[in-house]
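Encoded as structure tokens, the structure appears first; notes follow it.
Throughout, read-outs are computed from the coordinates displayed, never taken from laboratory work. For clarity, every value in this text was computed on a predicted model and none was experimentally measured. Here the Cβ is made from the backbone with ideal geometry for all residues, glycine too, and neighbour counts use every protein chain on show.
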Amino acid sequence: MKGVLEVRQTIQRPVTDMPENKIDLIAYKRLFLRVADHYSKGTFVIDERNKAIVYSLFLYFLKQPGSLDIRKGLWLAGPVGTGKSTLMYIFSRFMQTLQRGFRVYVCSRITTEYAMHGDLSRYLDNAGWSSLGPVDMCFDEFGREPIPAKYFGNELNVMQHIFHIRYSYWQQYGLRTYVTTNLYPNDVERKYGDYIRDRRGEMFNLIELNGESRR
Ligand SMILES: Nc1ncnc2c1ncn2[C@@H]1O[C@H](COP(=O)(O)OP(=O)(O)OP(=O)(O)O)[C@@H](O)[C@H]1O
Ligand SMILES: [Mg+2]
């Protein structure tokens, strides 16, 4: 059985931003399955419930034409345990092997960090992580973080603030934001106001994972 690195080496041409760039999908599929297997220690399954979503995400991240709009980000919504975070972590690893990884941040950790240091620059312009400036990012468990977060006397709806800025990055530079959440659209409006609710469809591919929990 080949490892992730060996399978990676069989891919000759790097993935580019150009959707028309035809790539050897079979080699990438092999690599993806290897990464998924490695990351989940062999537990990740592709079945009738997630088959279509996994394949559309696979094409999306490789910037190949498919059912998702590659200019937009991803909004993965659904009940607990349906595999949203797992997918984002696996695709993050998969893209890392192609040198195009993105980080996944858990929203409640971001608010805790804000309450301790009052600084969100890492999530906005990537300060402290890289000199590249703002990059694609994933925010996991959106809606589970405490609102507002408090830094000394300053109360802030942290994720609302981050979205505000990410929306402008998306408009200006096409930067993508990925989200996993249990929230329904009405909850989004209640917690974050109509600003985010109204921009959701514009900025994100809306994807639903349903069914029983996989836990
Ligand atoms: N495709 C899969 N095959 C096998 N196990 C899976 C798969 N996807 C997720 N799991 C397992 O199911 C459990 C729940 O997955 P995960 O945490 O990704 O769900 P979630 O949708 O993010 O849940 P929540 O809404 O509570 O955050 C985990 O233990 C994970 O390992
Ligand atoms: Mg999750």
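For the range 159-215, evaluate the Debye formula with one uniform point scatterer on each Cα (no solvent term) and list log10 I(q)/I(0) at q = 0.18, 0.20 Å⁻¹, rounded to two decimals.
The computed values of log10 I(q)/I(0) come out as -0.66, -0.79.
Summing -39500 (n - 2.57) over the DSSP H runs of n ≥ 4 in the chain and dividing by its residue number, what mean residue ellipticity at 222 nm do you reach, to the nearest 500 deg cm²/dmol?
-13000 deg cm²/dmol
Indicate, rounded to the nearest 5 percent, the antiparallel portion of the DSSP beta bridges found entirely in the chain.
Within the chain, antiparallel bridges account for around 15 percent of the total.
Based on the alpha carbon coordinates of the range 4-208, what radius of gyration and maximum Cα-Cα distance (Dmax) apply, in Å?
17.4, 55
How do the peptides 39-48, 23-32 rank, highest first, by the average count of neighbouring beta carbon atoms within 10 Å per residue? All intermediate terms of the calculation are to be shown ahead of the outcome.
Values: 39-48: 12.0, 23-32: 16.3.
Ranking the peptides 39-48, 23-32 by packing returns 23-32, 39-48.
Work out the count of Lys pairs in the chain where the Cα-Cα distance is under 24 Å, with the pair 8 or more places apart or on different chains.
Taking the chain as the scope, the lysine pair count is 22.
How many nm is it between the label spots at N182 and E6, if each spot is 7 Å from the Cα in line with the beta carbon?
It works out to 4.2 nm between the two label points.
Taking 7 Å along the Cα-to-C-beta vector as the label spot, tell me the V80-A52 distance in nanometres, rounded to one decimal.
About 2.7 nm separates the two model spin labels.
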